[in-house]
1. Taking region 356-402 only, how many residues are modelled with pLDDT of 90 or more and in contact with a helix residue (DSSP H, G or I) (Cβ under 8 Å, 6 or more places away or on another chain)?
2. On the basis of being at pLDDT 75 or above, closer than 23 Å to THR250 by Cα and of a type in the set (A, V, I, L, M, F, W, C), does ILE152 make the cut?
3. Name the single residue that is farthest from TYR209 (Cα to Cα) among those in region 163-189 being among the charged types (D, E, K, R) and without any contact (Cβ under 8 Å) to a residue 40 or more places away in the chain.
4. Report yes if PHE222 is touching a strand residue (DSSP E or B) at 6+ places or on another chain (Cβ under 8 Å), surrounded by 19 or more Cβ atoms within 10 Å (Cβ to Cβ) and either assigned to a loop (DSSP other than H, G, I, E, B) or touching a residue at least 12 places away in the same chain (Cβ under 8 Å) (or both), otherwise no.
5. Look through region 176-202, keep the residues that are open to solvent by 50 Å² or more (accessible area, probe 1.4 Å) and under 22 Å from ALA165 (Cβ atoms), and return whichever of them is farthest from the chain's Cα centre (by Cα).
6. Go through region 203-214 residue by residue and tally those that are open to solvent by less than 10 Å² (accessible area, probe 1.4 Å) and either modelled with pLDDT under 80 or out of contact with any Leu (no Cβ under 8 Å at 6 or more places or on another chain) (or both).
7. State the number of residues belonging to region 352-383 that are over 18 Å from ASP74 (Cα atoms) and either open to solvent by 20 Å² or more (accessible area, probe 1.4 Å) or touching a residue at least 40 places away in the same chain (Cβ under 8 Å) (or both).
8. If you go through region 321-348, how many residues are within 19 Å of PRO115 (Cβ to Cβ) and open to solvent by less than 30 Å² (accessible area, probe 1.4 Å)?
Amino acid sequence: MKYSHKVLWLLLSINIVFSSINFANSGPMTIDESSVNGIYSLSDSPAEVTREELTFNFSNQDLLYTPTCSVTADYHLYNPTDEPLTVQVGFPLTSSFKALESRSHIEYNQQTIHPDIQVRPQLSTVDSSFDEIIRAFNHQSNTYDALQSKSIERYEIQTDLDQLADGESITIYVHSPQIDSILSKGSRSSGFQDDTFFFSYDQYSRHHYFYVIGGPTDNLTFEYTQHNKIVDHASSIDYVHSPVTLDDFTADLLSEIDHPRPFSDKDLVNLAFDSFDYYRRSKAGELIFNLDEIMLSPYQWYLMMYTYHIELEPHSENNMVISYDMNGLMDQSETQYPLYTYEYYLDPASHWSDFNDLTIKIIPPDESPYITNSNITFNQNESYYEAHFDNIPDEKLTFTLNKEATPSHYNQQSSYGLLIILYIVMRVAIILIPILAIILIMRHLIKRKNSQL
């Protein structure tokens, strides 16, 4: 019996240890992929928008966090003057490099338009007005222009660093109070102190070179380290250096960035240095950057602007159609089924000389066929919603889709309570079943032993 008690206590202890409740980080969540929308005239022009048909079509679209919406904006433009007009049009949106190629299509009088594309750091478009978005383009970073007046020198280490053992590295010290910044390629660590830049390479560094921007170096020294301890002040490290042009520096800076080529080098360099500035702010003022850490992900979302010119003959009616994919906000923090919210800036229309007759049509997805909330009143038809305006509404359009006409609230406490009860019942069963089985076995053995006496 003593042995059986020990076995019971061992099993009970094991179950108690593994019975602590742990929940994965799953449950209600919110995901935001908001967009910027609408065309506007970049310069004062008498051109008028006589009619716009705006369609949000969710049928036959993919569901990735939020149902993808195919947006089509069909504009009818009129030139009321006796002279031909050339109008520069701007179309802002948020997109990633990867999504850009298939994200939009522009036609003017049934001819495909190939716009110029500018790119800027992403804004919080949920909280930003359309005017703030336009200012982001008009006040761009001027890093690229500043680099044209800066000296850029490239230093490359010739000594074979592949011979370094594990835990060994070489640290380079660059001293100069005139240097603006250093961009290293392949360094493992870096820092800046007392007008001296320092960074390290080891056997795993794929590249062994760096750029010095803004001035010559007063002095360049090296140190061998083993497990962060200096073992030698090296003087036998071979290196070469030479000035490079801004074009060569730009080509190297952007060489490993996977992006389509409609962007100008100027925009991409400014965007890259903006990511460096973010890194510098997060690192409390460091002026040395690793080129391998450029945060220009092909999947990261940026603010982009399509710009192009259109010609309008005197007293002519013209047609411009823009189509693109759009995502929204997914929120399932309080409802049984996800709420999908979409926003569309109507402000750009106010930049035209005149704007009339706006029709908005929403074809919802099968999985979320109801508009449960909107700042605009829609008429519900059999398979779509529609609203008509003689003039531009004063605020941007927002609407929310759900599987139910009246969303059921998600009782998180009740649902987790049921899970906890079910979990406890299962754990108790796991504990009791082996105990009962052992008790039955021990009783059988005791009876058998007694019967033999």
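1. 1
2. On the way: at pLDDT 75 or above: yes; closer than 23 Å to THR250 by Cα: yes; of a type in the set (A, V, I, L, M, F, W, C): yes.
Against the criterion (at pLDDT 75 or above, closer than 23 Å to THR250 by Cα and of a type in the set (A, V, I, L, M, F, W, C)), ILE152 qualifies.
3. Step one: filter region 163-189 for residues among the charged types (D, E, K, R), giving 166, 168, 180, 185, 188.
This time we only want the ones that are without any contact (Cβ under 8 Å) to a residue 40 or more places away in the chain, so: 166, 188.
Details: ASP166: 21, ARG188: 12 Å.
Filtering first and then ranking leaves ASP166.
4. Working: touching a strand residue (DSSP E or B) at 6+ places or on another chain (Cβ under 8 Å): yes; surrounded by 19 or more Cβ atoms within 10 Å (Cβ to Cβ): no; either assigned to a loop (DSSP other than H, G, I, E, B) or touching a residue at least 12 places away in the same chain (Cβ under 8 Å) (or both): yes.
Taking the combined requirement at face value, the residue does not satisfy it.
5. Narrowing region 176-202 to residues open to solvent by 50 Å² or more (accessible area, probe 1.4 Å): 177-178, 180, 188-189, 192-195, 198.
Keeping just the survivors that are under 22 Å from ALA165 (Cβ atoms) gives 188-189, 198.
Numbers: ARG188: 26, SER189: 26, PHE198: 32 Å.
Among those that are open to solvent by 50 Å² or more (accessible area, probe 1.4 Å) and under 22 Å from ALA165 (Cβ atoms), it is PHE198.
6. Going through region 203-214 one residue at a time, the tally reaches 2.
7. The initial filter retains those residues of region 352-383 that are over 18 Å from ASP74 (Cα atoms), namely 364-383.
Remaining after also requiring either open to solvent by 20 Å² or more (accessible area, probe 1.4 Å) or touching a residue at least 40 places away in the same chain (Cβ under 8 Å) (or both): 364-375, 377-383.
Number satisfying all stated conditions: 19.
8. We begin by selecting, within region 321-348, every residue within 19 Å of PRO115 (Cβ to Cβ); these are 321-326, 345, 348.
This time we only want the ones that are open to solvent by less than 30 Å² (accessible area, probe 1.4 Å), so: 322, 324, 326, 345, 348.
Result for region 321-348: 5.
The values are calculated or read from the model by the stated rules, or taken from the named source; none is laboratory data. The shown structure was predicted, so the numbers you read here are calculated from the model rather than taken from an experiment. For neighbour counting, all protein chains shown are included, and Cβ atoms are generated from backbone atoms with ideal geometry for every residue, glycine included. For the accessible areas, the whole protein counts, side chains as well, though only heavy atoms, and no ligand, DNA or RNA atoms are used. Shrake-Rupley method; radii C 1.70, N 1.55, O 1.52, S 1.80 Å.
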